[in-house]
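**Student:** Structure in structure tokens, see below.
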Amino acid sequence: MTISNETIASMVRADSVHKALYTDPDIFALEMQRIYGQAWIYVGHDSQVKNVGDYVTTRIGDQDVIMVRGSDKRVHVVYNRCPHKGAKLVAEGSGNIGKFFRCPYHAWTFKLDGSHLSLPLKNGLEGTRYDPADPEFSMSRLARVDSYRGFVFANQSAEGPDLKGFLGGVITSIDNLCDRSPVGEVEVAGGGSFRVMQPSNWKVFYENLHDTMHARVTHESSFEAAREEAKAIGEMPFELLIMDGNGEPYEFWEKLELRAYHYGHGYMEGIFDPAAATRDPVSRSHFELLTETKGAEQAQAILGMNRHNTVIYGSGSPHTVFQQFRVIRPIAVNRTMVEIQLFRLKGAPQAVFDRALTYANLINSPSSNVMPDDVEVYRRCQEGNQTKGGDWVSLHRYAGTDKALEDGMVSVNGTSELPMRNQFAAWRHFMLGTDAKAPLDTKEKLHAAA
């Protein structure tokens, strides 16, 4: 079904959005074209393809792609399709393909950058339009591929801003993650990730990443259990502390800063005390190593950047303090795959990585005590929005009070729904083909013109 731009525009108000944005498969199909077909999307980290021939399969929207290290030592991203019969060249996963791709169906071969190499019994194609130099007979490459500090992004469109221009102010979160390494570099631990399939629309997760109102409600069972255990053992170890944080009173959450950047990006201020670097032995040893290479002032600034979840819209959420990247992959209008990549800070103490692994296991892994709370309420949102109980999803908290900055907006209260409004402003601009850099003026009454 064709959805007009007028209909799309009417579905995003300054303070609410229509529930069809979460439930309509036709809108989902358009998102794959107009958002995932136009934005820079995180593909993977170059540490996952260290050697020539190393590859990782992944997705950009509804497209299966391969990230591979070429014979030129560069990282390439190509669509996972043989131009002969359309078969996938490699199965889902990772490995080393060798010196070239070889189709498992008819043995057409391709160089590691996707260009045509050879095929069996070429004489059968003599006198036809077959031409090995014609791109039609090669694996298709994505229009643009770029990386920033090892984080590889690809874009299916040749038009639009470059990678740095797209990331804008949120690039500082990637910098901080890398700068926490004494040598300024990170790598994906083990080359893989945790995976969680969520029975909900992809946009719900992005909204929830900066939703400070839900923590003490949705996660009540886990933080209450943590407090009961701490009381029983007479102390609050790290494993319990990271669950206890969700139980802070509303006054705590109201004081946090929420930043919204262009293109739907943003971050929320961290919920942990950065001054712990002077008290906690793990943080203290990390600080001492950073001081040796960067000096005490810079080391303090790096570890003192207290950010919790960062949103790179369309890609996912880096977490700088616990060195992970939750990659958000839309699968269907009601299914989303979340991949949790854990990073090792090169040159940092082993205990820093061990602590990050503990955090990932307890908070974000399939076996987590916390993530199932979120997955359950996401599912309930998906199911509830399919009923006739109403048409609009509220984004009213502190609407109209957001403070404009040169590169985006900042909230006046940490429980504001500014991040959600900013994300849907970007959604609207992408879907309408207008300037997605411009954030939505929350005082603008879009629905008045609808």
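**Student:** When the distances between all Cα atoms of segment 77-176 are binned every 10 Å from zero, what whole-number percent does each bin get?
**Tutor:** Bins of 10 Å from zero give 13, 36, 26, 17, 6, 1 percent of pairs.
**Student:** Rounded to the nearest 500, what is the chain's calculated 222 nm mean residue ellipticity when only DSSP H runs of at least 4 contribute -39500 (n - 2.57) each, over all residues?
**Tutor:** Taking each H run of at least 4 residues, the total per residue is -8500 deg cm²/dmol.
**Student:** For 103, 381, give the ranking by accessible area with the largest first, probe 1.4 Å.
**Tutor:** These residues rank, largest area first, as 381, 103.
**Student:** What translational diffusion coefficient, in µm²/s and rounded to a whole number, does the Stokes-Einstein relation yield for the chain at 25 °C and a viscosity of 0.890 mPa s, taking the hydrodynamic radius as the Kirkwood radius over Cα pairs?
**Tutor:** For the chosen part, D equals 105 µm²/s.
**Student:** Can you give the net charge of the other residues whose Cβ lies under 12 Å from the Cβ of residue 154, counting K and R as +1 and D and E as -1?
**Tutor:** Counting the neighbours of residue 154, the net charge comes to +2.
**Student:** If you don't mind, there's one more thing I want to ask. For a quick check of understanding: with a 1.4 angstrom probe and all protein chains in place, what accessible area in square angstrom does residue 74 have, to the nearest ten?
**Tutor:** 150 Å²
**Student:** Hey, another quick one. Using a 1.4 angstrom probe with every protein chain in place, what is the largest-first accessible-area order of 45, 76?
**Tutor:** Ranking 45, 76 by accessible area, largest first, yields 76, 45.
**Student:** A further question follows. Using a 1.4 Å probe, what is the accessible area per residue for the chain, in Å²?
**Tutor:** About 43 Å² of surface per residue is accessible.
**Student:** Across segment 253-267, in residue order, what do the Karplus-derived ³J(HN,Hα) couplings come to in whole Hz, using 6.51 cos²θ - 1.76 cosθ + 1.60 with θ = phi - 60° and x for Gly and Pro?
**Tutor:** Per-residue couplings from phi come out as 5, 5, 8, 6, 9, 10, 10, 10, 9, 4, 6, x, 7, x, 8 Hz.
**Student:** At 1.4 Å probe size, with the rest of the protein present, what percent of the exposed accessible area of segment 1-142 is carbon and sulfur atoms?
**Tutor:** 47 percent
**Student:** Still on this model: Assuming 0.36 nm per residue, please report the length gained on full extension of the stretch residue 294 to residue 346 beyond their Cα-Cα distance.
**Tutor:** 17.3 nm
**Student:** Pairs 50/346; 19/403; 73/346: which exceed 24 Å Cα-Cα?
**Tutor:** Flagged as over cut-off: 19/403.
**Student:** If you take the Cα atoms of segment 276-423, find Rg, then find the Kirkwood Rh from the mean of 1/r over all pairs, what is Rg/Rh?
**Tutor:** With Rg and the Kirkwood Rh in hand, the quotient comes to 1.04.
**Student:** Below 8 Å, C-alpha to C-alpha, sequence gap of six or more: please give me the relative contact order for segment 74-128 in percent.
**Tutor:** Over segment 74-128, the number comes to 24 percent.
**Student:** Looking at the chain as a GNM with Cα springs under 10 Å, which of 347, 389, 190 has the largest mean-square fluctuation?
**Tutor:** Maximum fluctuation in the GNM of the chain, among the listed residues, is at 389.
**Student:** Here is a further query. Over segment 207-274, what is the mean sequence separation of C-alpha contacts under 8 Å (at least six apart), divided by residue count, expressed as relative contact order in percent?
**Tutor:** 31 percent
The values are calculated or read from the model by the stated rules, or taken from the named source; none is laboratory data. All values derive from a computational prediction rather than experimental measurement. Backbone-built Cβ (ideal geometry, glycine too); neighbour counts: all protein chains shown. Note: areas computed on protein heavy atoms with side chains; ligands, DNA, RNA excluded. Shrake-Rupley method; radii C 1.70, N 1.55, O 1.52, S 1.80 Å.
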